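See structure below.
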Amino acid sequence: FHQRENIGNSTAEDRPQCPETSSTLVGPLNIDLNVKVTIDDIIAEHGDVSEGGHFKPAECTAHQRIAIVVPFRNRETHLKLWLYYLLPILKRQQGDFGIYVIEQFGDTTFNRAKLMNVGFNEAQREYDYNCFIFSDIDIIPMDDRNFYRCGSNPRHMANAVDKFGFSLPYDTLFGGVVAFTKDQFLKINGYSNMFWGWGGEDDELYSRVAAAGMKVERPNSVIAKSRMIVHNRDPGNESNGKSFPLISQAQWRMRIDGLRTLSYKTVNTTRHKLYTKITVDLGQPG
Ligand code: UDH
Ligand code: NGS
């Protein structure tokens, strides 16, 4: 994948840098969460996405090499909807991107944050990504001007979700969709590995960013409008009730809990036509 050979008549060397803002963007989008579409329909639409979910614009050299990491278990319907809407958006944004669906194996308590760390680790071994977008499977942007790209600070892109009346419920919310350059993510040692069950791992991530002296940037709340697919709480992802002590320790614990101490076992890797799915055994809650 991600061949570096010629595309059409131009080589990577003589293709121009893509413009800062792509001219193919359309702005606000109509997102119908009840749309009837099959995965085969989506595959048929995206012949230019190569095996494993990799794409790069043919006409120009992308600004960033972006790995999109999605934590996953038992959300096939959401994955289909997410791909249906995100692929055209990401292509119009002219990213050089790869999609990584990181699936938690077995029925142990879900650990969203650890899956994100696994995604970072696995993606950066495959290609020279310099930007990592960590996205829930159930958030779909309603405007393609909400760039899935990194900035000079970590970015939060799900700051205007329909579920919260298109505004931020609290200033330090850092869930849903976030973007880190490789250096930014390494600087904070990634996410904590210790959040088993729902809640708080995103707040802890925010604390790491602040402790590392960085600020969080957000797009304006018109461009950032997003839909969240309505769903019930999943079995195995009950609220953990133990988040607050962990969040308050972030500043010192970030040195010893994160990417550098990540351990897991890869159970399976599947190169789907539209994404790479990596199934991992995260072990037992400590
Ligand atoms: N996820 C899965 N499978 C699971 C649990 C979580 O794939 O079993 C992933 C998925 O990418 C999801 C993300 O982890 O988008 C975050 O989990 P979540 O969607 O459960 O968290 P959220 O805060 O919702 O979006 C919490 C449950 C709300 C219940 C409201 C009932 N009305
Ligand atoms: C906070 C959670 C965050 C979560 C946010 C929004 O209470 O992890 O709600 O959740 N923090 C703690 O539990 C400590 S949402 O309404 O989107 O499900 O992101």
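Descriptive notes on the structure:
- Of everything in the stretch 64-87 that is in contact with a helix residue (DSSP H, G or I) (Cβ under 8 Å, 6 or more places away or on another chain) and in a helix (DSSP H, G or I), the residue that is nearest to GLY47 (Cα to Cα) is LEU87.
- There is at least one residue in the stretch 149-165 that is on the phi > 0 side of the Ramachandran plot and either out of contact with any His (no Cβ under 8 Å at 6 or more places or on another chain) or within 15 Å of ligand 1 (Cβ to nearest atom) (or both).
- A residue that is away from ligand 1 (no atom under 15 Å from the Cβ), free of Cβ contacts under 8 Å to residues at least 12 places away in the same chain, of a type outside the set (Asp, Glu) and farther than 18 Å from ILE66 by Cβ cannot be found anywhere in the stretch 167-185.
- Annotation note: Cβ proximity below 6 Å between a residue of the stretch 236-264 that is over 11 Å from MET194 (Cα atoms) and a residue that is in a helix (DSSP H, G or I) and of a type in the set (A, V, I, L, M, F, W, C) (sequence gap 6+ or interchain) occurs for GLN251/ALA211; TYR264/VAL118.
- Checking TYR191, TYR206, TYR148 one by one, the residue that is aromatic (Phe, Trp, Tyr), touching a residue at least 40 places away in the same chain (Cβ under 8 Å) and surrounded by fewer than 23 Cβ atoms within 10 Å (Cβ to Cβ) is TYR148 and no other.
- Residues in the stretch 19-39 that are aliphatic (A, V, I, L, M) and either more than 12 Å from ILE140 (Cα to Cα) or modelled with pLDDT under 95 (or both): LEU25, VAL26, VAL35, VAL37, ILE39.
- Candidate set: the stretch 219-235, residues that are surrounded by fewer than 17 Cβ atoms within 10 Å (Cβ to Cβ) and away from ligand 2 (no atom under 11 Å from the Cβ); chosen: the one farthest from ILE139 (Cα to Cα): PRO235
- Within the stretch 151-172, the set of residues being surrounded by fewer than 19 Cβ atoms within 10 Å (Cβ to Cβ), within 17 Å of MET214 (Cα to Cα) and not acidic (Asp, Glu) comprises GLY151, SER152, ASN153, THR172.
- Residue match in the stretch 250-257 (condition: crowded, with 17+ Cβ neighbours inside 10 Å, of a type outside the set (Asp, Glu) and more than 16 Å from ligand 2 (Cβ to nearest atom)): yes
The values are calculated or read from the model by the stated rules, or taken from the named source; none is laboratory data. Predicted model, so just to flag it, every value in this text is computed and none were measured. Using ideal geometry, Cβ is built from the backbone for each residue, glycine included, and neighbour counts are taken over all protein chains shown.
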